Amino acid sequence: MGLIRPTDGASDEGGPARTPGAGQPGNGRPGPGSPDTGRPGTGRAVAVLVLVALAALIPLLGPSAALDGTGEASAPGVPGIALLRTVLFAALCVPVGELFVRQLAGRLPGAPPERARSWAPYATGVGFVAALGLASVVSTGNLVPHSLAAIDVGGLYESRDGKLALLEVNGFAAAGLCALSARPVMQVWPLAAVAVAEALRAHPAPELDPLTGSVLTFVHLTCAALWVGGLLYVLRTLPLWGAASEARVALLGLYARVAAVLLALITATGIWSTLRRMPADTVLEQLTSTAYGRTLLAKVIVVAAVAVLALWARLRLSRAADPLTACSPARAEVVALGLVVTVSGLLTALPVPIRWT
């Protein structure tokens, strides 16, 4: 006796033949009342691309707006340099945040093993390209090169800024290789080298006590990368844990507690760095009369908004009937943090105010 597999139109037990219709398995058409089977990921991707495009306008158009009416001169290629440094900062945040949250999740008892897919290889690749662009500017004496022939690679080894630029390029390259290796945790070392190089670059030798400034910048940059990249990876990991609601709440709560410490360190180092460049009796005036001060003021306002969103998320996490509703303000927070990164990139490309004595 042979067994014949019934076709889609065949009947079972002699009943009437069934034809797949709308809303039934085997047919791609949703029926009336069926849930929408569209791709929500597409809408989110489009939204992210729109936000990225809008964020790119800040370093491109921000310098002219910040410098307007100040009487300060703009260095050549400031918009492009600001954009490249913004990309570099964002590329640093992504892998640092992933490593950070993976460590946090590993400490949670009973946490699901699933982790969000790593974006570190892509981020480090983008950071490598941005660092190359910045190194090309340094190689021409901080002028925008208009041809490959104008780039003096050998000259990078002859100056402090050139060596630091090469360190950032090599750091991202090494971090990318580590991210693709069997031990991605090793990328912490080249990423730390990138942060050190950026901190040293921000405080050249002629500056008063450059070592203190570099330490402050390193702590500020590291805490910011942990905060921004960590929140992004937490929000990407939580949906993968499905019904493990207790573990999801525990991870979000653990991150929130660490983020509070990071915010305190960012605030302290930011205030200290500001007072080193703008003495207390001139801060208010320079915040409105210099391009650096105006951009710094904008950054402070956005950071304050981020702090409010973080507090809102923390209150929901501790008091709401469903603690996971804290994810809504947390998503807004990560968008605002992206704006902070963008403004920070612009800030590094503007002329540092003269320290009045």
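Any chance you could look up the accessible area of VAL52 with a 1.4 Å probe, heavy atoms only, rounded to 10 Å²?
For VAL52, solvent-accessible area is about 90 Å².
For the chain, take the longest principal axis of its alpha carbons; what is the angle in degrees between that and the long axis of helix 40-67, to the nearest 10 within 0 to 90?
Once rounded, one gets 10 degrees.
Counting only protein heavy atoms and a 1.4 Å probe, tell me what percentage of segment 87-226's accessible area is made up of carbon and sulfur.
70 percent
Below 12 angstrom from the Cβ of ASP161, what's the summed charge of the other residues (Lys, Arg +1; Asp, Glu -1)?
Cβ neighbours under 12 Å give a net charge of 0.
Working from Cα positions, state the angle (0 to 90°, nearest 10) between the long axis of helix 291-319 and the longest principal axis of the chain.
For helix 291-319, the angle is close to 40 degrees.
Between ALA260 and ALA150, what's the calculated FRET efficiency when r is the beta-carbon distance and R0 is 51 Å? Round to 0.05.
0.60
Between GLU158 and LEU61, with labels modelled 7 Å along Cα→Cβ, what's the label distance in nm to one decimal, could you check?
Each label point lies 7 Å from its Cα, and together they span 4.1 nm.
Taking θ = phi - 60°, what integer Hz values does the Karplus form 6.51 cos²θ - 1.76 cosθ + 1.60 yield along segment 200-217, in sequence order, with x for Gly and Pro?
Those phi angles translate into 5, 4, 6, 9, x, 4, x, 5, 5, 6, x, 5, 4, x, 5, 5, 4, 5 Hz.
Can you tell me the equivalent ellipsoid semi-axes for segment 43-105? Use √(5λ) from the Cα gyration tensor, largest first, whole Å.
31, 16, 9
Based only on the alpha carbon positions, what is the Kirkwood hydrodynamic radius of the chain, in angstrom?
Across the chain, the inverse of the average 1/r is 23.0 Å.
When all protein chains stay in place, what accessible area (Å², nearest 10, 1.4 Å probe) is found for SER118?
It works out to around 40 Å².
May I ask you to compute the full-extension gain from ALA307 to VAL335, defined as 0.36 nm times their residue separation minus their alpha-carbon distance, rounded to one decimal in nm?
Taking ALA307 through VAL335 to full extension adds about 8.8 nm, to one decimal.
What angle do you read, to the nearest 10 degrees and between 0 and 90, between the alpha-carbon axis of helix 160-180 and the longest principal axis of the chain?
10 degrees
Hey, can you find the accessible area per residue of the chain for me, probe 1.4 Å, expressed in square angstrom?
That works out to 54 Å² per residue.
Calculate, in nm to one decimal, what SER74 and THR325 gain on full extension: separation in residues at 0.36 nm each, minus their alpha carbon distance.
Extra length from SER74 to THR325 when fully extended: 85.8 nm.
Apply the Karplus curve 6.51 cos²θ - 1.76 cosθ + 1.60, θ = phi - 60°, to the phi angles in segment 183-198 and return the couplings in whole Hz, x for Gly and Pro.
Computed from phi, the couplings for segment 183-198 are 10, x, 5, 5, 5, 4, 6, x, 5, 5, 5, 5, 5, 5, 4, 5 Hz.
First compute the accessible area of segment 254-357 with a 1.4 Å probe, then give the percent of it belonging to carbon and sulfur atoms.
Heavy-atom surface of segment 254-357 belonging to carbon and sulfur, 1.4 Å probe: 71 percent.
Given the convex hull of the Cα atoms of segment 98-235, what is a quarter of its surface area in nm²?
9.9 nm²
The values are calculated or read from the model by the stated rules, or taken from the named source; none is laboratory data. None of these values were measured; they are calculated from a predicted model. Ideal geometry is used to build each Cβ from the backbone, glycine not excepted, and the neighbour counts take in all protein chains shown. Please note that ligands, DNA and RNA were not included when accessible areas were found on the heavy atoms of the full protein model with its side chains. Shrake-Rupley method; radii C 1.70, N 1.55, O 1.52, S 1.80 Å.
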